[in-house]
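Only one structure is covered here, and it is reproduced in the block below.
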Amino acid sequence: MNYNLLGRAVVIAGGILLDLIFGDPPYPFHPVRLTGALITRLEKILRKLFRVPFPADLNPFSDQFDAMERSYRKRSFIAGILLVILTVSISVGIPFLIIWAASLFSSYLGILISVVFAWQMLAGRELWNEAMAVRKALPEGKKNEVERSGVNRYQAAELRLKEARKAVGLIVGRDTGRLNEEGVIRAAVETVAENTSDGVIAPLIYMALFGVCGAFFYKAVNTMDSMVGYTNERYMEFGKAAAKTDDLLNFIPSRISALLMLLGAVFLHIVDPVFDAVRGWRIFKRDRKKHASPNSAQTEAACAGILGVRLNGPASYSGVMYDKPWIGDATRRIVPHDISRALMLMAVSSGITAVVAEAVVMIIALKG
């Protein structure tokens, strides 16, 4: 019997259970928040060390501007590589040392700390809560309740939409101030679809393969990508290494997640005919590459096809409109309940992942 793998199975089960019960713990020393603070600090240090100011600080009127720009981009790229190495080393090294030291004192203490760490690597319950906050701001049948408060239907709709824009703005990167109701719903569904992989399934996969430190490795890279992995002028070179590393780490998990969503749709079709795995497979094959990222559209395409709605499309970021392609077919109008449907899809596909991961680790542990 392989007791290390048996302990890993206990850690995964414990982490999932704590996430289901308590969600993401909202305290300042959360590992992901600490990683974010580390990335911000390292960026300042590396930009200063490699003399990489922001592009706006370069003098375009200088006779040496072209040479300065080439040198800037080269140094910026090297600094970005170091950012990845340092962030991953620190983010993985510290929890590894904590678990190792605790295990020297007591193996049970090591497992207990690992369970707590595993809990903080998963974001399923938090994603559910945040998306449901958007859903609750746009419920069907709330007219009478709002009208009793003394406002007319138009004012009631505007109040709900304003509340929903605020709620969805907490979980998406796009500008939400002018989104209509369908835009708010679409943004929430897209976020659930994408984070089904990033927030739950991918961390579970890396945890099953490499233990809780594997999940720390994944989350460190994923956090870097969300902070510096942009293609704008500021991060074009500096964030390239983080973005490419994130693409590599998510390449297989994003595709596994999409396939698991399709499998989950087979079961969900029993309780809601809207879920259509056949249509989902067709849209997945057709639209899974309609995104600047090689991975983001995998789960979005599967979700759009399963629900029979259109996702993605033109969106504004920091005041700039981007003409992003549509994913899926508008076989019907997207409605608030589609947020709940996307969450059900996340829950079922994540549940399948957890069961399979636990079963595989347990079987290997018992045979070992």
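The values are calculated or read from the model by the stated rules, or taken from the named source; none is laboratory data. It should be emphasised that the depicted structure is a prediction, and the values quoted were computed from it without experimental measurement. Don't worry about glycine lacking a Cβ; one is built from the backbone with ideal geometry, like all the others, and counts go over all protein chains shown. These area figures cover heavy atoms from the full protein model, side chains too; ligands, DNA and RNA do not enter into them. Shrake-Rupley method; radii C 1.70, N 1.55, O 1.52, S 1.80 Å.
One table, with the values for the structure above:
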{"read-out": "Two-site FRET efficiency, residue 292 against residue 100, from Cβ-Cβ distance with R₀ of 30 Å, rounded to 0.05", "value": "0.15"}
{"read-out": "Cα centroid of region 225-262 to Cα centroid of region 285-313, whole Å", "value": "16"}
{"read-out": "Once exposed loop chymotrypsin sites (Phe, Trp or Tyr not before Pro) are cut out (DSSP; at most 15 other Cβ, 10 Å), longest piece of the chain", "value": "62-368"}
{"read-out": "Pair residue 322, residue 45: separation of 7 Å Cα→Cβ label points (nm)", "value": "3.0"}
{"read-out": "Under Karplus coefficients 6.51, -1.76 and 1.60, residue-wise ³J(HN,Hα) of region 359-365 in Hz, glycine/proline x", "value": "5, 5, 4, 5, 4, 5, 5"}
{"read-out": "Matching label, percent of Cα pairs over 28 Å apart computed from the structure shown, candidates (i) 57; (ii) 51; (iii) 46", "value": "(ii)"}
{"read-out": "Formal net charge of residues neighbouring residue 315 (Cβ-Cβ distance under 14 Å; K, R +1; D, E -1)", "value": "+1"}
{"read-out": "For region 299-368, with +1 on Lys and Arg beta carbons and -1 on Asp and Glu, the positive-most of 349, 322, 335 along the dipole", "value": "335"}
{"read-out": "Solvent-accessible area, 1.4 Å probe, carbon plus sulfur percent, for the chain", "value": "64"}
{"read-out": "The chain, relative contact order in percent, only Cα pairs under 8 angstrom and at least six apart counted", "value": "23"}
{"read-out": "In Hz, Karplus ³J(HN,Hα) per residue of region 158-170 (6.51, -1.76, 1.60; θ = phi - 60°; x = Gly, Pro)", "value": "5, 5, 5, 5, 4, 5, 5, 4, 5, 5, 6, x, 7"}
{"read-out": "Filter on 240/290; 136/285; 48/219; 48/289 - keep pairs with C-alpha separation over 30 Å", "value": "136/285; 48/289"}
{"read-out": "Cβ charges +1 (Lys, Arg) and -1 (Asp, Glu), total dipole of the chain, debye", "value": "240"}
{"read-out": "Computed label-point distance, nm, for sites residue 332 and residue 360 using a 7 Å Cα→Cβ extension", "value": "3.4"}
